[in-house]
Amino acid sequence: MSDKPTLYAAFAQKIDAVLAALEAEGVLPADTPRGNVSVEPPRDASHGDLATNAAMVLAKQAKTNPRALAEKIVEHLQRDPLIVSAEIAGPGFINLKLAPQIWTEEVAAIAELGDDYGKSAMDEGRRVNVEYVSANPTGPMHMGHCRGAVVGDALASLLEHAGHQVTREYYVNDAGGQVDTLARSVHLRYREALGEDIGEIPEGFYPGAYLVPVGEAAAKEFGDRFRTAPEDEWLAIFRAFAVERMMDVIKSDLALLGINHDVFSSEAALQAAKKPEAAEAWLREHDFVYDGVLEAPKGKAPPEDWEPVELPLFRSTKFGDDQDRPIKKSDGKWTYFGADLAYHMQKAENADELIDIWGADHAGTVKRIKAAVAALSEGQGEPVPFDVKLVQMVQLLRDGEPAKMSKRSGNFVTIADMVEEVGKDVVRFSMLTRKPEAQMDFDFAKVVEASKDNPVFYVQYAHARICSILRKADAEGITPSGEQLDLLTEDDLALVKQAAQFPREVEAAARAREPHRIAFYLYDLAAAFHAFWNLGNDDAEKRIIVAQNARLSAARLFLASQIGQVIRNGLALLGVEAVEEL
RNA sequence: GCGCCCGUAGCUCAGUUGGAUAGAGCAUCAGAUUCCUAAUCUGGGGGCCACAGGUUCGAAUCCUGUCGGGCGCACCA
């Protein structure tokens, strides 16, 4: 972990200091707000290494025009020996070119920090709980779960890189009616395993073949004790048994994707500990919960069996929801929401911030849970920041035709199938090369076919090439060395500039909670490296290993090895392997 | 009807939170391997950033409206 600000942050501070000096000189009024001032690498590298909009943003307050103010700023900046040139361009941008020394120092910094290069102390020690996947424990993981799983996992890693202390959590919904269905389905398979002919799986049971081994395991565990017993004797036992087995399946599916949660929280355990009761009592006391009658559903025709019933309702309308929401059902059991708000309270006890990753099909419930967390956490001291990241649906296709993914039909593409077919790295990278809030199509056949063209290989190839050149150098007895980095040329340093953006990208991506930015950054870095590599095809002087020039070769090998380090760090963040050969 | 998300090249998508001439990949056309891995590189063609207003030095990005697509609108989970 580096305590040093990133290179870009360091220059932002310099510019801030210049603005402070201008205030002292009276060019700018005292206490001019500088929030809009940005210091960034320009889009077009030909504009220089850094650009700032300071003059344009502050001109009005300085009662002058942008270019005139820019001249004053430039005057100060030119005194800095690390700034080779400061030029005014366009409407008042100030473009800076930095001394080569800045970049060679950055190469050394990568070498020194190694695997920690790119990590930031931005949010040092802040505890954040990221809840993701949380698929119902009624079957194996399928592709519908995949996107949220990968995005959540990469986000967790990203926040770790930004200094957060991250808890990766999975909420096990083991208390609802679906689990009864699961238990009955397993009981059926259990009877089958004991030799009974169960025929077609009837309506209302999960038909998937993945329950066959669970039934067999149950037969082994219980013998024929529950074969003809009435349901109330075995239901609870089979629930627990089935959920445990399903969670084992889910955990091993997740492991195939390289995902390992720290905490699995059980809804049943939460209810057994009376957490929802405690939350309800507090909410009633503060008038967030009252007994009332729900309005009939609007818009579409109300369900035929609709009848008004008095239920305990949470006042989510106070927080912008359309309707107050029941926390208990008429049979006295907790609704999903009722238990979920207690669950979020439990999470908030050990975290400074909560993030949930949900599928877009749950978008309608975001307002109520946010409302509940706001009400509860505010009442109990510090309000805990809470964000729900919605991951849009993946439209599953088979050869262009929409494929159903329901567990009921038992016909779905599982994550295990997918990983076996194309590998973990392709699956993860595919999910991370688009922003999560846009829908995506996922055609199993197409992805399998196109997996060779997946951008993940492009990035891995760059890394493999670097490993290859280092092996070759080793065989020739040339050792990479950072002793004479001043030998590096303009082309070499251009590559460094690209690599030097990694820490900045990590911080920006973490701030925006957008892990996909790292995937795109790595692609760009790989592209820069491939282009750099090919320079050597036209001009032997531009190769990494230059014949008859051991010292330049040593410096370039050192550089290449640090580029490899950055690619490795980025891929590690995304949970993708950095292979040494392709 | 209401809420949330999306609309950028023929296709799949980026776009540094409001910056300079809107970028990649695929596809297409033309080139580069006696030479560190050609799973690579260089160049060409291809755009009303869905549409219309507004905000300001400056808009693909922010606001309003319209159109189009997706998801949701139980005491389910």
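The values are calculated or read from the model by the stated rules, or taken from the named source; none is laboratory data. Just so it is clear, the model here is predicted, and its values are computed rather than measured. Note that each Cβ is placed from the backbone with ideal geometry, even for glycine, and that neighbours are counted across all protein chains shown.
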**Prompt:** Tell me, which residue of the stretch A:510-568 that is among the hydroxyl-bearing types (S, T, Y) and either over 24 Å from the mean Cα position of the chain (by Cα) or surrounded by fewer than 16 Cβ atoms within 10 Å (Cβ to Cβ) (or both) is farthest from RNA strand B (Cβ to nearest atom)?
**Reply:** A:S561
**Message:** Could you check the stretch A:488-509 and list, in sequence order, the residues that are away from RNA strand B (no atom under 11 Å from the Cβ) and among the hydrophobic types (A, V, I, L, M, F, W, C)?
**Reply:** A:L488, A:L493, A:A494, A:L495, A:V496, A:A499, A:A500, A:F502, A:V506
**Request:** Give the residue, chosen from A:Y290, A:Y343, that is without any contact (Cβ under 8 Å) to a residue 60 or more places away in the chain, more than 11 Å from RNA strand B (Cβ to nearest atom) and either more than 30 Å from A:A218 (Cα to Cα) or in a loop (DSSP other than H, G, I, E, B) (or both).
**Result:** A:Y290
**Request:** Answer yes or no: is there a residue in the stretch A:110-117 that is modelled with pLDDT under 95 and farther than 23 Å from A:T167 by Cα.
**Result:** no
**Asked** Would you pick out the residues in the stretch A:370-392 that are in contact with a helix residue (DSSP H, G or I) (Cβ under 6 Å, 6 or more places away or on another chain) and either under 17 Å from A:A156 (Cβ atoms) or touching a residue at least 12 places away in the same chain (Cβ under 8 Å) (or both)?
**Response** A:A371, A:A372, A:V373, A:L376, A:S377, A:V384, A:F386, A:V388, A:L390, A:V391, A:Q392
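Quick grid of which residues meet (1) crowded, with 19+ Cβ neighbours inside 10 Å; (2) within 34 Å of the chain's Cα centre (by Cα); (3) at pLDDT below 90:
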| site | (1), (2), (3) |
| --- | --- |
| A:E277 | no, yes, no |
| A:F288 | yes, yes, no |
| A:K298 | no, no, yes |
| A:F314 | yes, yes, no |
**Item:** Answer from A:I237, A:I259, A:I198 - the residue that is touching an Asp or Glu at 6+ places or on another chain (Cβ under 6 Å), of a type outside the set (F, W, Y) and farther than 30 Å from A:L574 by Cα
**Value:** A:I198
**Asked** Hey, does the stretch A:213-233 have a residue that's under 23 Å from A:D417 (Cβ atoms) and among the hydrophobic types (A, V, I, L, M, F, W, C)?
**Response** yes
**Asked** Based on what the data block shows, is A:A70 touching a helix residue (DSSP H, G or I) at 6+ places or on another chain (Cβ under 7 Å), assigned to a helix (DSSP H, G or I) and surrounded by fewer than 17 Cβ atoms within 10 Å (Cβ to Cβ)?
**Response** no
**Asked** When both residues are 6+ apart or on different chains and their Cβ atoms are under 8 Å apart, which pairs have a first residue that lies in the stretch A:450-463 and is more than 8 Å from RNA strand B (Cβ to nearest atom), and a second that is basic (K, R)?
**Response** A:V456/A:R428; A:H463/A:R568
**Of all residues making up the stretch A:471-487, the number that are more than 18 Å from A:E112 (Cα to Cα), surrounded by 13 or more Cβ atoms within 10 Å (Cβ to Cβ), within 13 Å of RNA strand B (Cβ to nearest atom) and not β-branched (V, I, T)** = 2
**Request:** Give the number of residues within the stretch A:217-263 that are under 22 Å from A:R147 (Cβ atoms) and surrounded by 15 or more Cβ atoms within 10 Å (Cβ to Cβ).
**Result:** 12
**Fill in**
Sole miss for A:F386 among (1) more than 9 Å from RNA strand B (Cβ to nearest atom); (2) surrounded by 22 or more Cβ atoms within 10 Å (Cβ to Cβ) is condition (2)
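Conditions (1) away from RNA strand B (no atom under 15 Å from the Cβ); (2) surrounded by 15 or more Cβ atoms within 10 Å (Cβ to Cβ), marked per residue:
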| site | (1), (2) |
| --- | --- |
| A:A348 | yes, yes |
| A:A351 | yes, yes |
| A:G364 | no, no |
| A:A372 | no, yes |
| A:G379 | yes, no |
| A:E382 | yes, no |
| A:Q392 | no, yes |
**Request:** Could you list, in sequence order, all residues of the stretch A:118-127 that are within 16 Å of RNA strand B (Cβ to nearest atom) and at negative phi?
**Result:** A:S120, A:M122, A:D123
**Request:** Go over the candidates A:R79, A:R43 one by one and state the one that is without any contact (Cβ under 8 Å) to a residue 60 or more places away in the chain and either within 39 Å of the chain's Cα centre (by Cα) or at positive phi (or both).
**Result:** A:R43
**Request:** Filter the stretch A:102-126 down to residues that are within 30 Å of A:N350 (Cα to Cα) and out of contact with any Ser or Thr (no Cβ under 8 Å at 6 or more places or on another chain), then give me how many there are.
**Result:** 7
**Asked** If we only count helices (runs of 4 or more DSSP H) wholly inside the stretch A:416-517, which ones have 1 or more residues that are modelled with pLDDT of 90 or more and among the aromatic types (F, W, Y)?
**Response** A:424-432, A:455-476, A:502-512
**Request:** Being assigned to a loop (DSSP other than H, G, I, E, B) and within 16 Å of RNA strand B (Cβ to nearest atom) is the filter; apply it to the stretch A:85-117 and report the residue that is surrounded by the most Cβ atoms within 10 Å (Cβ to Cβ).
**Result:** A:G92
